[in-house]
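The values are calculated or read from the model by the stated rules, or taken from the named source; none is laboratory data. Note that the structure is a prediction, hence the values are computed from the model and not measured. When we count neighbours, we look across all protein chains shown, and the Cβ atoms used for this are built from the backbone with ideal geometry, even at glycine.
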Amino acid sequence: MPNYATALDPVFQALADPTRRAVLERLSRGPAATMDLARPFGMALPSFTQHLSVLEGAGLVRSRKEGRVRTYELAPRRLAAAERWLAARRARWEKRLDQLDDYLMTMKENEG
């Protein structure tokens with residue numbers, strides 16, 4: 001499991017930033033050009049493209065260039081892998097909470 005978690009580190013690092021999460025949210029509606037993605041953020045284009053580079057490096061988006069326009073789209077495979085990892089953690093937590101609930105109910109029954 002450590003290798004799997006290590007492969008997800010760049011994904012979670014990319015998701016840690018609100019600007020990058022907002023970009024992913026926008027791209028969930030379809031591909032968009034760099035300038036269209038950058039417009040709502042009011043930051044210098046070089047700063048914004050660094051965010052895009054982090055997302056692309058984490059495998060969350062992919063880009064293509066046609067002429068002078070670079071367009072980005074979601075690359076859902078890595079996001080799906082992170083979702084599977086989180087689901088496995090959730091299942092473990094729910095199992096432990098169920099066990100705790102069973103234990104507490106047993107204790108309560110033994111008191112009376």
Out of (1) under 21 Å from the mean Cα position of the chain (by Cα); (2) surrounded by 10 or more Cβ atoms within 10 Å (Cβ to Cβ); (3) over 25 Å from ALA7 (Cβ atoms), the odd one out for GLU56 is which?
(3)
So ARG64 fits all but one of (1) buried (at least 16 other Cβ atoms within 10 Å of the Cβ); (2) assigned to a strand (DSSP E or B); (3) basic (Lys, Arg); what number is the exception?
(1)
Could you give every pair whose Cβ atoms fall below 6 Å, whose first residue belongs to segment 84-112 and is under 30 Å from ALA7 (Cα atoms), and whose second residue is modelled with pLDDT of 90 or more and among the aliphatic types (A, V, I, L, M), counting only separations of at least 6 or pairs across chains?
TRP85/LEU8
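Only one residue in THR49, THR6 is without any contact (Cβ under 8 Å) to a residue 40 or more places away in the chain, of a type outside the set (A, V, I, L, M, F, W, C) and in contact with a helix residue (DSSP H, G or I) (Cβ under 8 Å, 6 or more places away or on another chain), so which one is that?
Values: THR6 fails: in contact with a helix residue (DSSP H, G or I) (Cβ under 8 Å, 6 or more places away or on another chain).
None of the others qualify; the one that does is THR49.
Which count do you get for residues in segment 67-77 that are under 16 Å from ARG21 (Cβ atoms) and assigned to a strand (DSSP E or B)? Don't jump to the end; show me each part of the working.
Residues of segment 67-77 under 16 Å from ARG21 (Cβ atoms): 72, 74-76.
Now restrict to residues that are assigned to a strand (DSSP E or B): 72, 74.
Residues that pass the stated criteria total 2.
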Quick one: which residue in ALA14, ALA38 is crowded, with 16+ Cβ neighbours inside 10 Å, free of Cβ contacts under 8 Å to residues at least 12 places away in the same chain and part of a helix (DSSP H, G or I)?
ALA38
Qualifying position, being at pLDDT 95 or above, surrounded by 14 or more Cβ atoms within 10 Å (Cβ to Cβ) and not basic (Lys, Arg), among LEU79, LEU8, LEU24:
LEU24
Conditions (1) over 15 Å from LEU15 (Cβ atoms); (2) in contact (Cβ under 8 Å) with a residue 60 or more places away in the chain: number failed by ALA44:
(2)
